[in-house]
Amino acid sequence: MSLLTLLTYIAIAALALTLVIGLVWRKVVSWPVSFLQNFTGILFLVSGYVKAIDPLGTAYKMEQYFGEFSSTFKATKAAFLSPFFEWLTGMVVGFAVFMIVFEIVLGVMLIFGAQKKLTSWLFFLLVLFFTFLTGYTYLTGHVPESVNFFSFGKWGPFVETNIKVTDFGCFGDFIKLKPFTSFLKDVFLLFPAILFLFSTKKMHQLLTPNWRNGLIAASIMGFTLYCFNNYIWDIPAINFRPFKPGVNIPKRREMEQEAMQNVKILAFKLTNKKDGKVIEIPYEQYMKESSKYSGDDWEFDQVKSEPTIQPSKISDFAVTGPTGDDVTEEILGVKGYNFMIVAYDLHVNTQKGYIMVPDTSFTADTLVAKGRMSIVNKIDKVSKRRVSSDSYQWDEEYLKRWEKLNAMIADAAKADVKAYMITKPYDPALIDAFKAKAKVSYPVLRADDILLKTIIRSNPGVLLIKDGTILEDWHIKKLPDFAVIKAKYWTKK
């Protein structure tokens, strides 16, 4: 679904609701204001709900933002703000749930006209906050690599690959919006937000104050629990991500890569460095006249056709083995049933330390025996030297999650079902220490942590795959015994 289609559906629903409120309930004071109340309220309900389905997705996106803000401010006179964003990064999941529930409740308050002045100000401030985030995201396209955002004099022409956070996640994984589209959406919402500030008396109100307050309280409690259910106790109720049951990973990956290879260059957008003039020249014409635009006076950007299949994180699926060798094709080519265990974070604290090890020095000596001469090494002295040695502190609660998982995998191994684990690019020594501590006997591979977070919203999480196709995925707390899995899939006709 496109953003335009979604907004059309919301506008139709808002119009129908406004007619009911005005013609049936006789509560409309101003038809335009009531329509905007319903439109923005429904929009916030929809955008909040699709994020409530997958709160971790919003948290991961905010984590990227906070990381960018922290590094950006660290190199400025406002460096004192950097620790604040680092602190927010540690609280990011709770912050994400708060923002999601806040957005949904604000939608309810708009539709029912609860606390009109407070609602108007909260709506304005939230839209302003979203506009700042999406505007920042878009403007980073003008900031070259290694240039700080606040070094405005070093900004250049817009380059999409410069964008630091490629998608704000306004609608989660339900609809992916480009930064500029998200920014325009929020700028548009500023108009009703400002209107509400000066037109609170014209906003409609439904039900009695007690009923409205009761609805707000019920919304807060209900959607907070719903968010918790979609990451603490289970994986998201609806899966909008590319790695979902029914998807054949190698086939989809091949299709996406082929679509990207077939993208054509349609034109070149040229920017004159002296006067800033921008011109766009068709590809064929540019190839004939390219000599006119050579030198240091012009910067150019390619205008390409849209791929027939939009790329997803499946295109980035890449796995390495313990020694750093690429095992992607080997993993994607596994035949039959197999279990993929995803653990993007092993919940470990690494402490740097030192140990003393023997250090023996030798001297060479000549030995003559039976007429033959040989060189031997004689111990000169034995001493000790200090070498670095890491120690690991593990989260015991996290390690307990592996007890049931290991038991299930052990039962699967008896049925010749392979299993492998993928974690982020930890040091091999740490992975070996984890395998020993968690009693992991199956191979542990490595991949990008953002990819792993996209595959499943559980740490660890388990996927059942057959011939490259995802059959099912489980939150660690919902993982059934192997006998249950076998009865469901191995006995299918």
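The values are calculated or read from the model by the stated rules, or taken from the named source; none is laboratory data. Model, not experiment: these values are computed from the prediction. With ideal geometry, Cβ positions are generated from the backbone for all residues, glycine too; neighbour counts draw on all protein chains shown. Please note that ligands, DNA and RNA were not included when accessible areas were found on the heavy atoms of the full protein model with its side chains. Shrake-Rupley method; radii C 1.70, N 1.55, O 1.52, S 1.80 Å.
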**Message:** Using the Cα centre of region 153-219 as the reference point, and only Cβ charges (+1 on K/R, -1 on D/E), how large is the resulting charge dipole? Debye, rounded to the nearest 20.
**Reply:** 220
**Asked** Helix 179-198 sits at what angle to the longest principal axis of the chain, using alpha carbons and giving 0 to 90 degrees rounded to 10?
**Response** 40
**Request:** First select every other residue whose beta carbon is under 15 angstrom from the beta carbon of R253; then total the charges, Lys and Arg +1, Asp and Glu -1.
**Result:** -4
**Message:** Can you bin every Cα-Cα distance in region 12-54 into 5 Å intervals starting at zero and give me the percent of pairs per bin, rounded to whole numbers?
**Reply:** 6, 25, 26, 17, 11, 9, 5, 1
**Request:** Distance from a point 7 Å along Cα→Cβ of Y489 to each backbone N in region 298-336: keep the residues under 19 Å and list them by number.
**Result:** 330-336
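How high is the FRET efficiency from D416 to L471, r the C-beta distance, R0 25 Å, rounded to 0.05? Please report the intermediate quantities before stating the final value.
Numbers: r = 17 Å, r/R0 = 0.68.
After rounding to 0.05, the efficiency reads 0.90.
Charges only on Cβ, +1 for Lys and Arg, -1 for Asp and Glu: so what's the dipole of region 193-295 about the Cα centre, in debye to the nearest 20?
Working: 15 positive and 8 negative charges, 66 e Å.
Dipole size: approximately 320 debye.
Quick check on my link table: of K251/K435; K61/K201; K164/K273; K352/K478; K51/K269, which ones sit more than 27 Å apart, alpha carbon to alpha carbon? Let's see the in-between values first.
On the way: K251/K435 32 Å; K61/K201 37 Å; K164/K273 24 Å; K352/K478 37 Å; K51/K269 36 Å.
Where the Cα-Cα span goes over 27 Å, the pairs concerned are K251/K435; K61/K201; K352/K478; K51/K269.
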**Prompt:** In nm, to one decimal, how far is the modelled label at L128 from the one at K274, with both set 7 Å along Cα→Cβ?
**Reply:** 4.4
**Complete:** For the chain, the longest principal axis of the Cα atoms and the Cα long axis of helix 116-139 enclose an angle in degrees, to the nearest 10, of 50
**V303-V348 FRET efficiency (beta carbon distance; Förster radius 41 Å; 0.05 resolution)** = 0.30
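At a 1.4 Å probe radius, which order do F243, F35 fall into by accessible area, largest first?
Numbers: F243 0, F35 60 Å².
Result, largest first: F35, F243.
With every protein chain kept in the model, how would you rank K486, K352, K400, K51 by accessible area, 1.4 Å probe, largest at the top? Numbers along the way, then the final one.
Values: K486 90, K352 165, K400 115, K51 15 Å².
Of K486, K352, K400, K51, the descending order of accessible area is K352, K400, K486, K51.
Can you sort K154, K466 by 1.4 Å-probe accessible area, starting with the largest? Can you show the working numbers first?
Details: K154 135, K466 80 Å².
Ranking K154, K466 by accessible area, largest first, yields K154, K466.
Averaged per residue, what accessible area in Å² does region 105-212 show with a 1.4 Å probe, protein chains only? Don't skip to the end; give the middle numbers.
Working: 5400 Å² over 108 residues.
Per residue, region 105-212 has 50 Å² of solvent-accessible surface.
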**Item:** Label corresponding to Cα extents along the principal axes in Å when calculated from the structure given, among (i) 118, 69, 54; (ii) 63, 54, 48; (iii) 99, 59, 41
**Value:** (i)
**Prompt:** Put a dot 7 Å past each Cα toward the Cβ at S391 and K27; how far apart are the dots in nm?
**Reply:** 6.4
**Request:** Quote to one decimal, in nm, the extra length available between E145 and L184 on full extension: 0.36 nm per residue of separation minus the C-alpha distance between them.
**Result:** 11.6 nm
**Item:** Rounded to 10°, Cα long-axis angle of helix 31-52 versus longest principal axis of the chain
**Value:** 20
**Message:** List residues of region 126-146, by number, whose backbone nitrogen lies under 13 Å from a label position 7 Å along Cα→C-beta of W155.
**Reply:** 135-144
**Value of [θ]222 nm, deg cm²/dmol, for the chain, DSSP H segments ≥ 4, -39500 (n - 2.57) each, nearest 500** = -15000 deg cm²/dmol
**Asked** What is the extension gain from Y293 to L7, computed as 0.36 nm multiplied by their sequence separation minus the C-alpha to C-alpha distance, in nm to one decimal?
**Response** 98.7 nm
**Item:** Positive-end residue of V147, V462, G324, charge dipole of the chain with Cβ unit charges
**Value:** V462
